[in-house]
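Working notes for the structure below.
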Amino acid sequence: MTVYHLSTECYPIAKVGGLADVVGALPKYQNKIKGVDAKVVMPWYNKPFVHEHEFDTVFDGFIHQDGNMLQVQVFKEKTNVLGFELYMVKIPGLLDRDNPYGYEDESYQFLAFQHGVLHWLSAMQIRPDVLHCHDYHTGLVPFMIENCPEFRFLKGVKTIGTIHNGEYQGMMSWEMATVLPSFDSYKWGMMDWNGLINPLASMIKCATAFTTVSQGYLEELFVSFRGLESLVRDEFGKAYGIINGIDTEVWNPQTDPMLDFNFTIKNVIEQKKKNKEKLCKEYGLKPELPLFAFIGRFATEKGADFLPDVVWRSIKQSYGGLNIMILGSGNEYIENKLKEYDYTYTNFALDLGYKEHLSHKIYASADFLLMPSRVEPCGLNQMYSMKYGTIPIVRYTGGLRDTVEDISTGGAGINFTYPGVDDILHAMDRALSIYPQKDVMDKLVHANMNFDFAWEKSAEKYIALYNN
Ligand code: ADP
Ligand code: GLC
């Protein structure tokens, strides 16, 4: 069975968030299953990976977009170094950028990617068994293969659409219809939602089946999905919630080269302490006090807007009895507020930016990881933290409620229900009351590390779905 994963991100080539981690791992684990040949197709980016590896040109052709002729080249990485065949699609001016997102003409960029991939596959008469589309950036593919004459060779190919984040739907005005490959115009309704072209809605309508990255999130979409609630209810018959795993070849505290002190479950307590001491020293924190951490995008969906108040209030309320460390970037107001507190409070450390190495060190050093997300389709941070012996404190939502059980019901994490500063502080208080009880803490650390988040099970679930 050949499966093509289409995605704008893939670790370690281009990562903005968890989408990259999933697309960099899932195909690798699927390829361990007999009879499966999973590949990744992504845009070409001007990233170190493409300059450090050798590629073959497997396609060189043209597409027409809005009257312009665009060159499409497809490069295949020579050695399958990532555990799968990797294809990168280059279109000068659109798919040759430094980063996946953040450009004014993103709609053109993602349309060109979808058009370019389908043109290449059709022209080369490559007919996969499954096209697996990730997020809205590839959401129009299921529509296009059924309704664009240019891709008639692919008609009937089965498609899976995975929703990693329903907050982003890629809506555009119908004026953009001229930028699309030409399509049977009477089918326009299969792309429309409330008078706009909505790629995520179209994916839900047209894909053979669609998935969310946790069962909990799927259930939440019925009541909160930025206007698509009724659509997801209508299409529920082909919806599946499959939880993400973690790539234990990358996220393994025993072998992780990014850690100062590696560890296993046997020596985690001593080694974690050493990691924490080193990190605290570097950032001027106090290693004898509990360390709470947050890693992530400063977006409201992550509850990052609570962080400034959480910082000052928790430090004040505990009389300086804790450390907080934050790694991330995003909303400017949040960044500035946190910078201010970074100057004010010695118990608080801030590192602005995207730093893969530092994130690993923090997972290995912190006592508690905060995830006050308003929305969390799956969440990988809590899983990484657990694997690295850090106790997650999470809002009870989406994938977080599927993966973190509260200590009060026999779990090894802390849950809270409402997204708000008071509830976060209350959850932190609960953590502070456990912290001095060394036996309890050690037990929780071990229990978290023992949790099984391996990709194998979820990779099997996707294969079963494809077979279906
Ligand atoms: P999302 O994809 O919504 O941002 P996830 O929890 O699925 O959330 O994945 C986030 C991923 O990005 C994790 O691998 C996390 O470690 C990483 N990450 C987020 N922010 C940063 C940062 N500032 N520096 C390094 N890694 C980060
Ligand atoms: C999205 C979600 C996150 C999920 C990730 C990978 O970015 O916000 O919760 O873990 O995709 O599926």
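Mind ranking 170-177, 375-382, 345-352 by how tightly packed they are, going by the mean number of other C-beta atoms within 10 angstrom, highest first?
The peptides rank, most packed first, as 375-382, 345-352, 170-177.
Could you work out the percent of alpha carbon pairs in the stretch 268-451 separated by over 23 Å, rounded to a whole number?
Here the tail beyond 23 Å accounts for 33 percent of pairs.
Lysine pairs in the stretch 1-152 8 or more apart or on different chains: how many have alpha carbons under 20 angstrom apart?
18
Any chance you could give the angle, 0 to 90 degrees and rounded to 10, that helix 307-317 forms with the longest Cα principal axis of the chain?
10
If you take the beta carbon distance between Ile33 and Tyr343 as r and set R0 to 51 Å, what does 1/(1 + (r/R0)^6) give as a FRET efficiency, to the nearest 0.05?
So the FRET efficiency works out to roughly 0.45.
For the chain, taking Cα atoms only, what is the radius of gyration to one decimal and the Dmax to the nearest whole Å?
According to the Cα coordinates of the chain, Rg and Dmax are 22.8, 69 Å.
Taking the stretch 364-416 as the region of interest, what is the percent of Cα-Cα pairs per 5 angstrom bin, listed from the shortest bin to the one with the maximum distance?
The distribution over the stretch 364-416 is 5, 25, 36, 24, 10, 1, given as percents.
Can you give the FRET efficiency for Asp452 and Met124, using 1/(1 + (r/R0)^6), R0 = 45 Å, r = Cβ-Cβ distance, to the nearest 0.05?
Once the sixth-power term is evaluated, E becomes 0.65.
Helix-derived [θ] at 222 nm for the chain: sum -39500 (n - 2.57) over DSSP H runs of at least 4, divide by residue count, nearest 500?
-10500 deg cm²/dmol
Starting from the Cα-Cα distance between Tyr168 and Tyr319, subtract it from 0.36 nm times their residue separation and give me the gain in nm to one decimal.
Gain in length upon complete extension: 50.3 nm.
What ranking do 137-144, 389-396, 239-246, 445-452 get when scored by the average of other Cβ atoms within 10 Å per residue, highest first?
The packing order, highest mean first, is 137-144, 389-396, 239-246, 445-452.
Starting with the highest mean, order 77-85, 297-305 by the number of other Cβ atoms within 10 Å, averaged over the residues of each peptide.
297-305, 77-85
Residues of the stretch 1-39 with the amide nitrogen closer than 18 Å to a label point 7 Å from the Cα of Arg297, along Cα-to-Cβ, please.
The answer is 7-24.
With each pseudo-label sitting 7 Å past Cα toward Cβ, what's the Asn262-Asp192 distance in nm, one decimal?
Placing both labels 7 Å along Cα→Cβ, they lie 5.9 nm apart.
Would you mind checking the stretch 217-253 for residues with the amide N under 15 Å from a putative spin-label position 7 Å along Cα→C-beta of Asn468?
218-219, 235-243
For labels at Arg152 and Asn46 in the simple 7 Å Cα→Cβ model, what's the distance in nm?
If labels sit at Arg152 and Asn46, their model points lie 4.1 nm apart.
Every number in this text was worked out from the coordinates using simple rules, so none of it is lab data. Because the structure is a prediction, the values reported are computed rather than measured. FYI the Cβ positions are ideal-geometry reconstructions off the backbone, even for glycines, and counts take in every protein chain you see.
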